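Q: What follows is a structure written as structure tokens; I'll ask about it next.
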């Protein structure tokens, strides 16, 4: 993508997560003009420190009266201001109506229009589920792929599987897959033998995914990472990939995937590649997107606001 | 049970685990004459230190030519001597034939006969599973209950579900249930809200067990411990019991229990009570035994040795 630094900023898009802060200057046509990131996640911002942290990082990008949309944990109870979850089903209209507008004083000229995008919730009357930030990525992925009905999966510490119908998220489920993997590989009895920094082993990963489909469940299969090592049937190197296959395979097992499905994966290449492989072992197809989905989502949301206002 | 300290020791029974060492002086009729325990688990014993630790604790109990049977992790690779796993199906005959006899010098008179009981393994050609120490408790429980065919369950850090047919363990499965609970309650995102030391809450526990039966799997359901708290649908107090119900419920879910089954539970009262409640929610019955199963198992094994020798 050729970047024209002279093009005017139509939107400052910010993804303010737990441990990192990323931003992009975006043109009216969606072109990303400039990106930056800083290790200033919400957990590192002192109480009351959000306005000045924001000015430090993005004050220079915001023209008088300019628009800034912020997604992610900045809208959580521990963030800048709490933006209450928007219940599913939710599309651009519902998200736009629930934006939490901030009172950010102007440096000079008209005050900028700065809002925090709410997260989504579902099943809030029984056993709730929540996401914050992923909803923007899903909307961005819809825009980038043209898919408005389907399954969107965001692998990570807390993986999200969202069902989208006609451009609206109708429901989703969180899986603590990445966190379980970290707990097991770092703090469990398996940590003694497993080499967490060993290179990814595709064969061992596939073994884990297949193993997860057999009866017994994760509580049982996780122990096989110990016994395979005890009986010298697997080296400490591939063991980490096997365990990764076990937990990702367990996530997929519960989905009862139809084989003609194509899933949209959104995440880092390292993770989406593993999920794509695991999905293929289940006979399911996938296509993958990265961080561009966040900027596309915030840009599309800004567009829907302008449309609503016109 | 009335204890006659003048009765003669027929067997010194020892359960040498990872973190603790327990022993009992047992009469020919199975009466436990005396018990002792020490915080001298195998991990605390320095290399080469097993013979002297053993003499310190049990030398005074062993008559010249007396018999001592040791079960548990003392027979593991990190223990006194490695007693290779005995493959299933296994009964007294198979265990007795695989005892690892130790060369323990006599203090005075004939040398004592000291042996380590091997653990059991199953599926050793494909995905192996193992136990060490639990096999003795299962054999003891068979003797105490008179049940020679059924399901024997040993809840704990690594729970074991064993299938017993005509007095022999035909197979078993390990579940890392207790370890998963510890990881989630101490090291995961749930640790922030959950009060691990709160009193046991039967209602929340039952909610967890029932929740585990719904679609989604443990990776998904564990996240509900966070969202129920986030939406103020559960207090931090009962949350620990809810999580306990989720993991024990997940273990039970994978068993596809028939409702007319009666399971024999062997373990600490705190744990067997939780399992009994969870089993009842699945429509299954249970009876519970405690540490007496270990002494009964080693005594029965000693009896089978004497019988074999006669």
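The values are calculated or read from the model by the stated rules, or taken from the named source; none is laboratory data. Remember, predicted model here, so these are calculated numbers, not experimental data. Please note: Cβ atoms are built from the backbone with ideal geometry, for glycine as well, and neighbour counts cover all protein chains shown.
Q: Residue A:262 versus (1) surrounded by fewer than 22 Cβ atoms within 10 Å (Cβ to Cβ); (2) within 10 Å of chain B (Cβ to nearest Cβ); (3) under 26 Å from residue A:289 (Cβ atoms): which is the lone unmet condition?
A: That leaves (2) as the condition not met.
Q: If you don't mind, there's one more thing I want to ask. Being loosely packed, with under 15 Cβ neighbours inside 10 Å, modelled with pLDDT of 95 or more and part of a helix (DSSP H, G or I) is the filter here, so list the residues in segment B:192-207 that pass it.
A: B:202, B:203
Q: Moving on. Just one of B:257, B:239 is in a helix (DSSP H, G or I), in contact with a helix residue (DSSP H, G or I) (Cβ under 8 Å, 6 or more places away or on another chain) and surrounded by 14 or more Cβ atoms within 10 Å (Cβ to Cβ); which is it?
A: Testing whether each residue is in a helix (DSSP H, G or I), in contact with a helix residue (DSSP H, G or I) (Cβ under 8 Å, 6 or more places away or on another chain) and surrounded by 14 or more Cβ atoms within 10 Å (Cβ to Cβ) leaves just B:239.
Q: Which condition breaks for residue A:164 when tested against (1) more than 12 Å from chain B (Cβ to nearest Cβ); (2) in contact with a helix residue (DSSP H, G or I) (Cβ under 6 Å, 6 or more places away or on another chain); (3) outside any loop (DSSP other than H, G, I, E, B)?
A: Result: residue A:164 passes all but (2).
Q: Taking segment B:167-191, which residues are surrounded by 15 or more Cβ atoms within 10 Å (Cβ to Cβ), without any contact (Cβ under 8 Å) to a residue 40 or more places away in the chain and out of contact with any strand residue (DSSP E or B) (no Cβ under 9 Å at 6 or more places or on another chain)?
A: B:179, B:182, B:183, B:187, B:188, B:189
Q: Name the single residue, out of those in segment A:133-159 being within 14 Å of chain B (Cβ to nearest Cβ), surrounded by fewer than 24 Cβ atoms within 10 Å (Cβ to Cβ) and touching a residue at least 24 places away in the same chain (Cβ under 8 Å), that is farthest from the chain's Cα centre (by Cα).
A: If we take residues in segment A:133-159 being within 14 Å of chain B (Cβ to nearest Cβ), surrounded by fewer than 24 Cβ atoms within 10 Å (Cβ to Cβ) and touching a residue at least 24 places away in the same chain (Cβ under 8 Å), then A:157 is farthest from the chain's Cα centre (by Cα).
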